[in-house]
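The values are calculated or read from the model by the stated rules, or taken from the named source; none is laboratory data. None of the values given here were measured: they were computed from a predicted structure. We place every Cβ from the backbone using ideal geometry, glycine too, and count neighbours over all the protein chains shown.
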Amino acid sequence: MEPSSEHHPSTLNVPGLNGNRWDGLLEVFQAFHRWQQAPADHLKQEFFRQPARGLCSLHRDYPPHRLYLLQRALIACLPGWRQVLAAGFGSHTPGEAPLKHVLVPSGPGRWDVAVLGCHLGFEDGKRERLMARIDLENESPAGSVACLTLIAPTEKASFLRDLLDRLEAWMDANPHLRGAKLDARGDLLMLDHAYTWDDIVLDPATRAEIARHIIQFLERIPRYRTFGLSLKRGVLLAGPPGTGKTLLGKVLCSTLSTTFIWVSPGEVSDAPQVQRLFVLARELQPTILFLEDLDLYAGHRGNGGGALLGELLNQLDGFPNNAGILTLATTNDPRAIEPALAQRPSRFDRLIRLDPPRLSERQQLLARFLRNIIHPEDELPEIAAATDGLAGAHLQEVVHLAVQAALDEQPLNYAEPPKLRAGQLREAVRLVRKQLPGPAGFYA
């Protein structure tokens with residue numbers, strides 16, 4: 001059956017356009033909306049075999065990571081029903097418009113295909129029918145939202161309400177991304193490789209603090225819950241650039257089984273994004289919410305960003321409950337962070353400093369960076385002593401410059417490792433120190 005011109009006009013016939021121009025524009029928009037809606041209305045009439053005015057619908061918006069979960073929930077909550085329709089938006093009939101597919105995270109380290117921009121039709125053994133409209137839209141201030149609209153005959157309104165309650169209860173009970181490593185958008189986090197504790201050198205006291213206030217806290221959440229203790233924690237990692245704050249985040253992300261959400265400064269620009277991050281963290285708890293370079297977007301109140309900072313303060317206070325969330329943030333200078341954030345227990349309870357490595361730690365780092373390089377081993381104690389005050393990243397640059405100088409003097413041979421001669425490490429230390437900023441911020 002062809003759609004009537006009332007529902008699917010081939011032209012936009014707007015007689016009022018020559019009158020009041022605002023009335024005319026309104027009629028243009030209304031006509032365009034009817035033209036857009038016509039395929040969906042026609043599809044619903046064909047599927048339910050009755051006019052669209054005899055149908056009712058319920059609509060809900062969800063965080064975008066629930067797009068995949070919505071489709072699993074429909075199957076789980078409709079036992080005895082079978083899918084009899086799959087039509088892309090713009091279809092008058094099934095198959096007229098192709099379905100859109102998108103690759104989405106389906107679990108820790110796993111991806112799967114979800115459909116979007118589609119109508120799915122279901123039928124039970126009594127030939128009762130139900131339609132679900134699923135899409136991913138970008139109309140929310142916080143970004144994309146997963147949209148679900150359930151459609152059925154008007155007399156089935158109570159069934160739709162009950163089904164929606166069951167769908168949401170099923171999704172709450174089956175958080176498919178719990179334990180996953182995610183970025184701020186909710187996509188799977190892709191580290192360059194899996195890190196271990198062998199990749200980082202820390203002094204024993206710092207390592208003990210990390211174990212006590214991060215690892216043991218997460219392990220003991222069930223016991224804390226039993227005794228009514230606080231189930232949320234905030235830890236601030238502070239230290240000069242290059243001392244291993246980001247590397248520590250990668251080690252924790254790789255070695256812990258808890259959900260890990262990595263947030264870089266460029267991924268947080270407004271209050272709705274902050275709110276969405278905490279919604280995701282609460283849903284997937286126990287969660288480490290890793291806020292990298294917090295001082296770049298949570299500075300003192302007078303420096304701008306008031307709405308974002310205010311939302312961050314509110315979310316850390318736990319409205320609603322933050323049980324099972326450990327907020328772990330990094331900063332080069334805790335003094336640059338708003339005091340109400342950095343100096344308030346229950347927002348950030350502990351400050352763990354990562355200082356430049358001591359002599360023994362510098363020797364370990366140099367040995368690690370040089371493990372695949374032929375080098376004069378008797379020079380290492382001297383080089384370690386000469387690099388006092390340098391961070392791990394500086395030591396890595398020392399080795400890089402020395403290897404670069406060695407390769408300049410040697411024939412290109414990929415089969416043999418580079419060979420450092422005496423003095424090249426000392427010269428590399430001099431070059432690194434030369435470009436360190438001086439007291440006034442200028443380079444030497």
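Before we move on, is A385 surrounded by 13 or more Cβ atoms within 10 Å (Cβ to Cβ), in a helix (DSSP H, G or I) and out of contact with any Cys (no Cβ under 7 Å at 6 or more places or on another chain)? No; evaluated as a whole, the condition is false for this residue. Applying the criterion of being of a type in the set (A, V, I, L, M) and touching an Asp or Glu at 6+ places or on another chain (Cβ under 9 Å) to the residues of segment 355-380, the residue that is surrounded by the most Cβ atoms within 10 Å (Cβ to Cβ) is L370.
Return yes or no: is H42 of a type outside the set (A, V, I, L, M), within 22 Å of D172 (Cα to Cα) and either modelled with pLDDT under 90 or not assigned by TED's automatic domain parsing to the domain that holds L164 (or both)?
Working: of a type outside the set (A, V, I, L, M): yes; within 22 Å of D172 (Cα to Cα): no; either modelled with pLDDT under 90 or not assigned by TED's automatic domain parsing to the domain that holds L164 (or both): yes.
Spelling it out, it is not the case that H42 is of a type outside the set (A, V, I, L, M), within 22 Å of D172 (Cα to Cα) and either modelled with pLDDT under 90 or not assigned by TED's automatic domain parsing to the domain that holds L164 (or both).
Residues of segment 154-205 that are among the hydrophobic types (A, V, I, L, M, F, W, C) and over 23 Å from G107 (Cβ atoms): A157, F159, L160, L163, L164, W197, I200, V201, L202, A205. Could you please find all residues in segment 194-218 being loosely packed, with under 15 Cβ neighbours inside 10 Å, acidic (D, E) and in a helix (DSSP H, G or I)? Matches in segment 194-218: D198 only.
Checking every residue in segment 237-251 against the condition of being modelled with pLDDT of 90 or more, within 23 Å of Q275 (Cβ to Cβ) and within 16 Å of the chain's Cα centre (by Cα) gives at least one match. Restricting segment 164-184 to residues that are closer than 15 Å to W262 by Cβ and crowded, with 17+ Cβ neighbours inside 10 Å, the residue that is nearest to the chain's Cα centre (by Cα) is A184.
Looking only at residues in segment 240-259 that are part of a helix (DSSP H, G or I) and of a type in the set (S, T, N, Q), the one that is surrounded by the most Cβ atoms within 10 Å (Cβ to Cβ) is T246. If you go through segment 408-424 one residue at a time, do you hit one that is surrounded by 15 or more Cβ atoms within 10 Å (Cβ to Cβ) and in a helix (DSSP H, G or I)? Yes - at least one qualifying residue is present in segment 408-424.
When segment 43-89 is examined, which residues are found to be more than 27 Å from L177 (Cβ to Cβ), aliphatic (A, V, I, L, M), without any contact (Cβ under 8 Å) to a residue 60 or more places away in the chain and in a helix (DSSP H, G or I)? Write out each step before concluding.
First, the residues of segment 43-89 that are more than 27 Å from L177 (Cβ to Cβ): 43-57, 80, 82, 84-85, 87.
This time we only want the ones that are aliphatic (A, V, I, L, M), so: 43, 52, 55, 84-85, 87.
Adding the requirement that they be without any contact (Cβ under 8 Å) to a residue 60 or more places away in the chain leaves 52, 84-85, 87.
Passing the criteria: only A52.
A search for C-beta distances below 9 Å between a residue of segment 206-226 that is closer than 15 Å to L248 by Cβ and touching a residue at least 40 places away in the same chain (Cβ under 8 Å) and any residue that is of a type outside the set (G, A, S) and part of a helix (DSSP H, G or I), counting only pairs 6+ apart in sequence or on different chains, returns I210/L248; I210/L252; I214/L252; I215/L252; I215/T255.
Within segment 156-169, residues that are in the same structural domain as R72 (by TED's automatic domain parsing) and closer than 17 Å to K126 by Cβ reach partners that are of a type in the set (S, T, Y) and not in a helix (DSSP H, G or I) with beta carbons closer than 8 Å, at six or more positions or on different chains, in the pairs L160/S57.
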